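Contents: one structure, followed by commentary.
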Amino acid sequence: MLSEISDILGEFRKCFSRTASFNYFVLIVFGLIVRYDFHGVTSFIRCLGVWPDYYESVLALFRSNSFRLENINRCWIHIVKKYACFPTINGCWLFVGDGVKVPKEGRRMPGAKELHQESENSSKPNRFLGHHFGVIGIIAGNARKMLCIPLMAEVQEGVKELRPLQGKTPPVVDGKEKVTVVTLMALLGCKAALYLNHPSMLILDAGYVSGEIFKMAMQFCKSGKYLGIITRGKKTFVGFEERHVNNKKKSGFIFRRSIKLFDLFVTRAKDFTTVTLPMYGKDTTVSYLCVDLYWKEFGEKIRFVLVRFSNKDILLMCSNLTWLPVDIITAYSYRFKIEVSFKNLKHQIGSFCYRFWTSAMPKLKKHYVPSIVSLPTKSKARIVQAFTAMEIFVNLSCIALGLLQIMALAKPAAVWSQYSGWLRTVRSDIPSEETVRRTVQHSFFFEFESFRETLVGMS
């Protein structure tokens, strides 16, 4: 188990200009897997038995110039493509995108702002100070178990001033730069599809439904690659049967014969088709109706699929008019897998337990995010370093979780043979991420001689 993880980590060597930086990278990723507490960088020093004098050097990696996060992301996607098996629908691999909001109390953390969150959990406040990360993952696995392997993550709120300082390309919609949560998620999906170099479908929740994301996907397809969009529509959406050219209008089109889509659940109830599909781990009876209509925000036709199951009515939207409704429903049913990955990132890896800040950042106030435009150049550089360090920490955490998922899918027999714990209920012969993590922890702490011969041990 340790040797397989070491072999995968060794493929990142080309991303680093210095050997010392690569060694610290290996220690951090492995430390994210085996540590028993989430108390920042000090937990890596404790769990790996590193000499305390190296603490500052390990911490300095997150602000180092010896590597670029973009290169690590590209290398990680190629590794996932090499070691994982992806289910396909109509020849497309399935990306899943979503956001996660992380409360932070630090008043000098770059990118932090007041966030709003709707949750049924009474322990979560409606408003809090923190970071909003957008994450792109890919569905991997087989008929026995599906997982969402996280590929890339970045902060997507409060970054309008920070992104140019990082050298990141702004999203472009209709020839104009537009930096929003929706456009940044679309840009992240386009980047993942470009690195993966395979036809893909990006699955998103209703929070990202916008004409902008469909336009950016269509613009990306003009480059010779393919990225489709499947998302969930809202109850107020309206489709149009006709579109006519009108050069006097700003959009260039006028739309006629409107249809309130949710009204079709009543007016065309007899036209619904009932099928049984494997969804959420069991066979589910679903009724659906498919209509192709123009959507005013996009300006083009969208395939709308009205779905009724378990006394719930939902509206799905797909940019590809050739996909069958059952394929769209099946693809969207995988969206919740990223929520499972978020849970593992939080509770198994401790991905969001970072504490990067800088005194160069003006102190944040409850309802006010200070501008950094007028700050001196050196202060801006320090702020960007701290902000990038947060994104590096979360992306290395995604790699750590992805390694556990790859081991679970590729080496299930080896995991179970080395697992020394007890499980009351074994739901699948594919082990969970927690089971793999505990197996690696046991191998590290109780089979140290074999660990010393691995890349991590030599680092």
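The values are calculated or read from the model by the stated rules, or taken from the named source; none is laboratory data. Fair warning: this is a prediction, and the values are worked out from it, not measured in the lab. All Cβ positions, glycine included, derive from the backbone under ideal geometry; neighbour counts span all protein chains shown. Just so you know, the surface numbers come from the protein's heavy atoms only, side chains and all, with ligands and any DNA or RNA stripped out. Shrake-Rupley method; radii C 1.70, N 1.55, O 1.52, S 1.80 Å.
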Exercise for review: Rounded to the nearest 10 degrees, what's the angle between the helix 19-34 long axis and the longest principal axis of the chain, both from Cα atoms, 0 to 90?
Suggested key: 70 degrees
Practice item. Please calculate the 1.4 Å probe accessible area of Tyr368, with all protein chains present, and give it to the nearest 10 Å². Key: 130 Å²
Revision key, fill the gap. Relative contact order as a percentage, region 204-250, C-alpha pairs under 8 Å and 6+ apart, gives 41 percent
Review point. Per residue of the chain, what 222 nm ellipticity follows from adding -39500 (n - 2.57) for every DSSP H run with n ≥ 4, rounded to the nearest 500?
Key: -11000 deg cm²/dmol
**Study point:** Label-to-label distance, nm, for residues given as Lys301 and Glu339 (7 Å Cα→Cβ offset)
**Key:** 3.3 nm
Exercise for review: Could you tell me which of Leu61, His78, Val26 has its Cα farthest along the dipole of region 26-115 towards the positive end, charges placed at Cβ (Lys, Arg +1; Asp, Glu -1), taken about the Cα centre?
Suggested key: His78
Study note, to complete from the structure: So, relative contact order of the chain in percent, Cα under 8 Å, 6 or more apart, is 20 percent
**Study point:** Coordinate range along principal axes, alpha carbons of region 276-355, Å, largest first
**Key:** 48, 34, 22
Exercise for review: Apply the Karplus parameterisation 6.51 cos²θ - 1.76 cosθ + 1.60, with θ equal to phi minus 60°, to every residue of region 126-133 and state each ³J(HN,Hα) to the nearest whole Hz, in sequence, with x for glycine and proline.
Suggested key: 6, 10, 7, 8, x, 10, 10, 9
**Study point:** With DNA, RNA and ligands ignored, accessible area of Glu434 (1.4 Å probe; Å², nearest 10)
**Key:** 70 Å²
Exercise for review: Quick one: compute the contact order of region 57-205, relative version, from alpha carbon pairs under 8 angstrom and 6+ residues apart, as a percent.
Suggested key: 27 percent
Point to revise | D_trans [Stokes-Einstein, Kirkwood Rh over alpha-carbon pairs] for region 300-459, 10 °C, 1.306 mPa s, µm² s⁻¹ | key: 77 µm²/s
Study note, to complete from the structure: Judged on accessible area alone, 1.4 Å probe, highest first, His347, His131, His116 line up as His347, His116, His131
Check your understanding: Which parts of region 155-173 would a label at Glu70 reach, counting a residue when its backbone N lies under 13 Å from a point 7 Å out along Cα-to-Cβ?
Key -> 164-171
Check your understanding: Taking a ≥ b ≥ c as the square roots of the eigenvalues of the Cα gyration tensor of region 81-190, is the shape rounded (a/c under 1.5), prolate (a/b larger than b/c) or oblate?
Key -> oblate
Practice item. Give me the percent of DSSP beta bridges within the chain that run antiparallel, rounded to the nearest 5. Key: 90 percent
**Study point:** Cα-based convex hull volume of region 174-328 per residue, rounded to whole Å³
**Key:** 135 Å³
Exercise for review: Hey, can you grab everything whose amide H is under 5 Å from the amide H of Met201? Only 5+ residues off in sequence or another chain; H modelled, so Pro and N-termini drop out.
Suggested key: Trp93, Leu94, Phe95, Gly228
Check your understanding: Using θ = phi - 60° and the Karplus form 6.51 cos²θ - 1.76 cosθ + 1.60, what ³J(HN,Hα) does each residue of region 432-444 get, whole Hz, x for Gly and Pro?
Key -> 7, 4, 5, 5, 5, 4, 5, 5, 5, 4, 5, 4, 5
Review point. Just one of (1) 0.99; (2) 1.19; (3) 1.31 is Rg/Rh (Cα atoms, Kirkwood Rh) calculated from these coordinates, so which is it?
Key: (1)
Practice item. Starting from the Cα of Ser428, step 7 Å along the direction of its Cβ; do the same at Arg46; then give the gap between the two resulting points in nm. Key: 3.2 nm
**Study point:** Mean accessible surface per residue for the chain, computed with a 1.4 Å probe while every protein chain stays in place, in Å²
**Key:** 47 Å²
Practice item. Over the chain, with every protein chain in place, what whole percent of the accessible area is carbon and sulfur at 1.4 Å, could you tell me? Key: 51 percent
Revision key, fill the gap. Quick calc, Asn90 & Gln166: beta-carbon distance into FRET formula, R0 30 Å, rounding 0.05, result 0.25
Revision key, fill the gap. The simple spin-label model distance between His39 and Asp174, using points 7 Å out along Cα→Cβ, in nm, is 5.4 nm
Check your understanding: At a probe size of 1.4 Å, how large is the accessible area of Trp357, to the nearest 10 Å²?
Key -> 140 Å²
Study note, to complete from the structure: For the chain, longest principal axis from Cα atoms; helix 181-196 axis from its Cα atoms; angle between them, nearest 10 degrees, is 70 degrees
Check your understanding: How many percent of Cα pairs in region 326-417 exceed 17 Å?
Key -> 68 percent
